[in-house]
Number of protein chains: 4
Amino acid sequence: MIIMNKAATTEEISGVVNDLKNHGLAADVSTGEIRTVIGIIGDESLISATHLETLPGVKEVRLIETPYKLINREYSTLFDGKTESRAVKVGGVTIGNCEPVFMAGPCAIESKGQLMRIAEEVKGAGADILRGGVFKPRTSVHSFQGLGSSEEGAEQALKWLREAGDKFDMPVITEVRGESHVEIVAKYADILQIGSRNMYNQDLLTKVARAGKPVLLKRHFGASIEEFLSFAEYIAASGNKDIILCERGVLPVGRGKSYTRYVLDLQAVPVLQKETYLPTVVDPSHAAGRRDLIVPMSIAAIGAGASGLEIEVHYNAKEARCDGQQMITAGELRFIIECCKKVNKTVRDFREEKT
Amino acid sequence: MIIMNKAATTEEISGVVNDLKNHGLAADVSTGEIRTVIGIIGDESLISATHLETLPGVKEVRLIETPYKLINREYSTLFDGKTESRAVKVGGVTIGNCEPVFMAGPCAIESKGQLMRIAEEVKGAGADILRGGVFKPRTSVHSFQGLGSSEEGAEQALKWLREAGDKFDMPVITEVRGESHVEIVAKYADILQIGSRNMYNQDLLTKVARAGKPVLLKRHFGASIEEFLSFAEYIAASGNKDIILCERGVLPVGRGKSYTRYVLDLQAVPVLQKETYLPTVVDPSHAAGRRDLIVPMSIAAIGAGASGLEIEVHYNAKEARCDGQQMITAGELRFIIECCKKVNKTVRDFREEKT
Amino acid sequence: MIIMNKAATTEEISGVVNDLKNHGLAADVSTGEIRTVIGIIGDESLISATHLETLPGVKEVRLIETPYKLINREYSTLFDGKTESRAVKVGGVTIGNCEPVFMAGPCAIESKGQLMRIAEEVKGAGADILRGGVFKPRTSVHSFQGLGSSEEGAEQALKWLREAGDKFDMPVITEVRGESHVEIVAKYADILQIGSRNMYNQDLLTKVARAGKPVLLKRHFGASIEEFLSFAEYIAASGNKDIILCERGVLPVGRGKSYTRYVLDLQAVPVLQKETYLPTVVDPSHAAGRRDLIVPMSIAAIGAGASGLEIEVHYNAKEARCDGQQMITAGELRFIIECCKKVNKTVRDFREEKT
Amino acid sequence: MIIMNKAATTEEISGVVNDLKNHGLAADVSTGEIRTVIGIIGDESLISATHLETLPGVKEVRLIETPYKLINREYSTLFDGKTESRAVKVGGVTIGNCEPVFMAGPCAIESKGQLMRIAEEVKGAGADILRGGVFKPRTSVHSFQGLGSSEEGAEQALKWLREAGDKFDMPVITEVRGESHVEIVAKYADILQIGSRNMYNQDLLTKVARAGKPVLLKRHFGASIEEFLSFAEYIAASGNKDIILCERGVLPVGRGKSYTRYVLDLQAVPVLQKETYLPTVVDPSHAAGRRDLIVPMSIAAIGAGASGLEIEVHYNAKEARCDGQQMITAGELRFIIECCKKVNKTVRDFREEKT
């Protein structure tokens, strides 16, 4: 990180950026309330700190080895001097504020009627953002792959999603499964979701980042937190820092029945909050894979400090073409949203009272 | 499980028990508010349900394959007809009630002064039960193994623990690491703890069970929930059902830094509550291995429905001879206890209001 | 699977295929030495076995639930009646024969000189196929991403690879990291490799499959064998059965040093041979992440029955821009190839003698 | 480690040992072909290297942080100057030589007839050491726990084992499951086995070590190699270095079917050979949990350099009261032993030819 003088001029900043380019490196220029800081994108061993410190306007150079520099909390502290997370704004919704945000909707969009009905119900239950899958990443090629499996189906489903979002006044989020989906999804959706299985897919991350819309990145179920952040860095390095991190469960251990699909790693919430300024949300539905755990784990996630939840909802779980066993009803969603808001307020009030 | 008629006589019950013995099986006789149910201990394939159903006083026989029968929620429902968990009572403290219970104290007892000071502090902070390690299970034989590494040291430390518990009116809990410790620990402690690494140690489980005091069993970090319950069953099969289950983290996944020692599996809390009538508590200290996560994860655990927490406390973490990096102060403990009680009340009140 | 009569006509076969299409399903028509068998691609619950059995030419219908039908050993046995694996042929090399095949070369192509020198050396050491990475999937966006990070660099490196393969008479293999690389890689390479991190990337699998060249699919380090086969099925379902499976290590367990990057799961070799007719090779380089294990693990892999090995070679490991610590020299490669051939012959001769 | 002068006297050595005692530390005195080296047992931070270097007869002091010092290869190299492993001798059998050793027998001893028959068969097949379980560590308390579940049964079974070993001229190995079994097992068996689940049981390790017989320690399925060695160190620190390490599989990863009970980590073999002078053997039976993998994985283990194999054999797998699905016949065992010896010779000859 190249820390510029508070009084550094635009020319001095460009000078540093060009110098980096000449060394085969790219630059991330961040101007905050305190100063400008320039993050180096690429292999820092190609350049020397001593050299950089001789450039006009440079106050100090810190070469750091971490694979996530641009999303590092330390980085934003330098130019902004703020300790809070950097919230992501979508429509009228802010993710990363002190108020938790609720994303809900069907696992897969199955028909216009199904989507509209669920959208209305989740809105009524207090949801802020509407989710609905078009391109489903399934383990078996012989399972339902979402309406996105045909080109017309994809666009049709995306249009319904847009329409539902507009009608019920909710920004919409949906998954981009492959590189060829980026353009069409970015045309209709407000947040582009990258699923757990694609977390390591750097080409997809880069392409999605460049679409210029907020990105929700799910942690791979076999990834350490360091890897999770290293791949989020691919998005930031493509010029997009509107990133929402999502914990959705890691691989279970042990032989015998685990009773859940994954282990929900809620420690990831406070750890990520310390390491990065990006907001973290939790998806209890995929971690559990069973609906009876969604209520307690939603409350636990908010207790751990999550900035929001993403939950799958269906009015008739048995009829759902995908993941029916983890769907809850809009009534249960309302219970979760109200209870989580109360818990969040209880904790926040208590913290304020004590400090 | 052999379900007896409501009017079954003592003779009829003994008859069934003797019949089981003749087949090389043992019996767990549970008489509850509804009726007597007899759990079969051993390999059920050695006996036929048809034969058992001909015995006087027998209403119905259900041969089930699960490795945990005696601690199965279904089992207690049959004779007690209750849906709540079966609370474990120790001194004036009840674990498994609607109020969470807090166990706190030093990782290792280092001296009388250290223990007395911490005991006074955690009592002041609101703790219900005092913990303190005498026999420490360390990865390296070259690390401090606790005062229990000599025989006199062990008894001395246990006496201090008893004295501290009596002085500050808290039941005391400490770990039994090997079979040879059972007798001496049972002489002084109120709850016998079996550490994570000993979860699979069936000879220890059996011996501890027979000491006749409540047992806190920690889940092994490589064990599935089914295995956890299967080994808790070893305790119940030795005639002791005063078992407190404790989730303390499972192995992390992925390459690169995980930032925590283990992954705290809070889904285990509601899963265990469904599978068994035993109460479940959470140890956030060992899962995190770092003190800054103890507050959020304690709140999360209570949010998930845990019946209590076990937390390591020291007035001077740097001086601690064991696990200093995860020790919190009594001040932080007070924050946790008060906040968790508020969160628990918020959730409980909300649930009651809605149902 | 729809098993046709031995005498089934082309019309009858087309009739079944069309009937499947009318039910929203696709067909995989396999005509072997015994008969034609039609694999159903898609959700079999959309059609009834009873209905299919009424169609002309159909002998028997077996609806099976496994997520890998088309690559199932049982499937090929039905139409071919053979018990051996189905070998994949590339140039003059056959993978899946009784003779192991050796793929070797640099982790990343760095320059023409480097590639040509290594190509000559590995050919001299006995290698059959030349490997060389153009698009490198790195954990950190700040690390060297291969010459493929620019469009011209990519084509240049691929041309060198082709040239080296032609000059030293070896088919060439290289990784396709993103969907946008498929076309250009398929233009120059003989085998398209899908890296471990992309195993779950079904859109990439489908696109690569359609390029019509053999595909080497690496198992994800967090994937069970069932998942591995389920994603290989995506390739087969796109009409390409020239698939080479590659075991390259799964996530290590436990706390503390593991001493290797991954755990090489050699049991996967005989398990995969039982489940599928596809050949399995082993990559000891990435599993170990250290060169001193390559010799013993190569011998072990051949002992377990692997059809070949993929090994990274460099004449100057310290200079390598990627994964230097796991590079071996061509001299060591020669040792491995000769020793593995001897071990393979020893085992094969012994088996023949005993049966 | 305290490296003594070559000419150090017995008094000088005792002087150092007493000095360590005065600092609360124990000593491991190793006199080899080159010199005496004294390993420090306990927390090295309690003493200063500078102080130790002033003691008479001391040449050099190296304080090292590794949790396994006494079994470290570096340690034995210092006093013995040898690069080979330190073999463990039992009866006429040497484990850790260039010739692999084969331990075979039933999972559980069921009757005298069963044991005698299997003993005769495995001897005929070429086995060197007879195994047979008396105390079985089962997941379910309701499963058969071995004849050791009653005191008379235990001694009876152990006597049969001794008798079978004597009759067929094979040393015998059996598992010590709990601390109370040590004495009786040490009375009858030649090698005391510690099962995977007890690897972390330091009290058992210490007690078994003191019985003065060779110990076979199995790696826990959730343990890293560093942990495995750290717990082997507990045995060495109790004065017993006749330790045989045994790899028997680690936890599988991923969702869906794994097809094997554990993942056999054969990389552990060369890694352990590098880290310690102790011999390493492999148990393919428990790793696989299915008999059809025993042949290929045995060959692979020997290919990886293992010093021996432990394999479960039964003449009638269906009748076996424990782990029947992984039993092979004596005929299959003979195939394995002969083939493994040929492979071992092939590799050894090739190595010699090349060096």
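Mind listing which trypsin sites (Lys or Arg not before Pro) in the stretch C:64-141 are in a DSSP loop and have 13 or fewer other Cβ atoms within 10 Å?
Here no trypsin sites (Lys or Arg not before Pro) fit, given the DSSP loop and packing criteria.
Using 20 Å as the cut-off for backbone N distance, which residues of the stretch C:29-57 belong to the label zone defined by a point 7 Å from the Cα of C:Glu65 along Cα→Cβ?
Only C:40-50 fall inside the zone, counting backbone N under 20 Å.
Under a 5 Å amide H to amide H cut-off, with H placed in plane at 1.01 Å, what residues pair with A:Gly57 once short-range neighbours are removed?
The answer is none.
With +1 on the Cβ of every Lys and Arg and -1 on the Cβ of every Asp and Glu, and nothing else charged, how large is the dipole of the stretch B:17-82 about its Cα centre, in debye rounded to the nearest 20? Numbers along the way, then the final one.
Values: 7 positive and 10 negative charges, 29 e Å.
Roughly 140 debye for the stretch B:17-82.
Mind checking D:269-280 for the average number of partner chain beta-carbons within 10 Å of each residue's beta-carbon?
3
For chain A, give me the percentage of DSSP beta bridges that are antiparallel, rounded to the nearest 5 percent. Please list the in-between numbers first.
Values: 16 of 41 bridges.
Bridges in chain A that DSSP calls antiparallel: roughly 40 percent.
Hey, what do the phi angles of the stretch B:44-51 turn into as Karplus ³J(HN,Hα) couplings, whole Hz, using 6.51/-1.76/1.60 and θ = phi - 60°, x for Gly and Pro?
So the J values, rounded to whole Hz, are 5, 6, 6, 9, 10, 4, 4, 4.
For the stretch D:38-79, which GluC sites (Glu not before Pro) are in a loop by DSSP, counting at most 12 other Cβ atoms within 10 Å?
Counting only loop positions with at most 12 other Cβ atoms within 10 Å, the GluC sites (Glu not before Pro) in the stretch D:38-79 are D:Glu65.
Tell me which trypsin sites (Lys or Arg not before Pro) from the stretch A:5-53 have a DSSP coil assignment and no more than 15 other beta carbons within 10 Å of their own.
A:Lys6
Please grab the % of Cα pairs in the stretch B:2-65 that end up more than 19 Å from each other.
Value for the stretch B:2-65 (Cα pairs over 19 Å): 19 percent.
If each label sits 7 angstrom from Cα along the C-beta direction, how far apart, in nm, is C:Gly32 from its counterparts in the other copies?
Sorted ascending, the copy-to-copy spacings read 5.5, 5.8, 6.4 nm.
Among C:Leu264, C:Leu55, C:Leu158, determine the one that fluctuates most according to a GNM of chain C built with springs between C-alpha atoms less than 10 Å apart.
Among C:Leu264, C:Leu55, C:Leu158, the largest GNM mean-square fluctuation belongs to C:Leu55.
Using only the alpha-carbon atoms of the stretch B:92-141 as identical scatterers, what base-10 log of I(q)/I(0) does the Debye formula give at q = 0.21 Å⁻¹?
Here log10 of I(q) over I(0) equals -0.78.
Hey, what D do you get for the protein assembly as shown in µm²/s if you plug the Kirkwood alpha-carbon radius into Stokes-Einstein at 25 °C and 0.890 mPa s?
It diffuses with D of about 72 µm²/s by this estimate.
Determine, for A:Met103, D:Met116, the number of other Cβ atoms within 10 Å of each Cβ, and report the residues in order from fewest to most.
Ranked by crowding around the Cβ, least crowded first: D:Met116, A:Met103.
What number do you get for the stretch B:143-280 when its Cα radius of gyration is normalised by 2.2 N^0.38 Å, N = residues?
1.11
What does the average come to when, for each residue of peptide A:343-353, you count the partner chain Cβ atoms lying within 10 Å of its Cβ?
What the average comes to for A:343-353 is 4.
Please report the residue of chain C with the smallest beta-carbon distance to the C-to-A rotation axis, and give that distance in Å, no decimals.
C:Gly222, 1
With chain B treated as a Gaussian network of Cα nodes joined by springs under 10 Å, which of B:Thr206, B:Thr77, B:Thr280 yields the largest mean-square fluctuation?
So, out of B:Thr206, B:Thr77, B:Thr280, the one fluctuating most is B:Thr77.
List the residues whose amide H sits under 5 Å from the amide H of D:Ala27, counting only those 5 or more places along or on another chain, with H placed 1.01 Å from N in the peptide plane.
D:Ile41
Indicate the gyration tensor shape class of the stretch B:313-355 (rounded, prolate or oblate), computed on the Cα atoms with a ≥ b ≥ c the square roots of the eigenvalues: a/c under 1.5 is rounded; otherwise a/b larger than b/c is prolate and the rest oblate.
On the way: a/c = 7.84, a/b = 3.90, b/c = 2.01.
Cα axes put the stretch B:313-355 in the prolate bin.
How large is the helix-only mean residue ellipticity at 222 nm for chain D, computed as the sum of -39500 (n - 2.57) over DSSP H runs with n ≥ 4, divided by its residue count, in deg cm²/dmol to the nearest 500?
Dividing the helical sum by the residues of chain D leaves -11500 deg cm²/dmol.
Just to confirm my numbers, what's the Cα centroid distance between the stretch A:83-137 and the stretch B:127-185 in Å?
Result: 51 Å between the Cα centres.
Run the label-point distances for A:Glu163 please: 7 Å along Cα to Cβ, every other copy, nanometres, shortest first.
So the label point of A:Glu163 gives 5.7, 8.0, 8.5 nm to the other copies.
Would you mind checking the stretch B:68-83 for residues with the amide N under 16 Å from a putative spin-label position 7 Å along Cα→C-beta of B:Lys6?
B:78-82
Near the amide H of B:Thr36, under 5 Å away, which other amide H atoms are found, from residues 5 or more places off or on another chain, if H is placed in the peptide plane?
B:Met4
In whole angstrom, how far apart do the alpha carbon centroids of the stretch B:31-63 and the stretch B:322-344 sit?
About 47 Å separates the Cα centre of the stretch B:31-63 from the one of the stretch B:322-344.
Output ³J(HN,Hα) for the stretch D:150-160: one whole-Hz value per residue in order, computed from phi by the Karplus curve 6.51 cos²θ - 1.76 cosθ + 1.60 with θ = phi - 60°, and x for Gly and Pro.
Coupling constants for the stretch D:150-160: 10, 4, 5, x, 4, 5, 4, 5, 5, 5, 4 Hz.
Report the normalised scattering of the stretch A:236-355 as log10 I(q)/I(0) at q = 0.14, 0.16, 0.17, 0.22 Å⁻¹, calculated by the Debye formula with identical scatterers on the alpha carbons.
Reported log10 I(q)/I(0), two decimals: -0.67, -0.84, -0.92, -1.24.
So for chain C, what are the equivalent ellipsoid semi-axes in whole Å, largest first, each being the square root of 5 times an eigenvalue of the Cα gyration tensor?
Values: eigenvalues 278, 103, 71 Å².
Each semi-axis is √(5λ); the values are 37, 23, 19 Å.
Dipole size in debye (nearest 20) for the stretch D:202-308 around its Cα centre, Lys and Arg Cβ +1, Asp and Glu Cβ -1?
Roughly 360 debye, rounded to the nearest 20.
Determine how many Å³ per residue the convex hull of the Cα atoms of the stretch A:44-190 encloses.
With only Cα atoms used, the stretch A:44-190 gives 179 Å³ per residue.
Measuring from label point to label point, each 7 Å out along Cα→Cβ, what is the B:Glu319 to D:Glu53 span in nm?
3.3 nm
Only Cα pairs within less than 10 Å get springs; with that Gaussian network setup on chain A, which residue of A:Glu247, A:Glu163, A:Glu11 has the largest fluctuation?
Result: A:Glu11 has the largest fluctuation of those listed.
List the distances, in nm to one decimal, from the label point of B:Tyr315 to the label points of the same position in every other copy, shortest first, placing each label point 7 Å from Cα along the Cα-to-Cβ direction.
Nearest first, the other copies' label points are 6.4, 7.0, 7.2 nm away.
A short reminder: the numbers here are calculations on the coordinates, not readings from a lab. This is a predicted model, so every value here is computed, not measured. Using ideal geometry, Cβ is built from the backbone for each residue, glycine included, and neighbour counts are taken over all protein chains shown.
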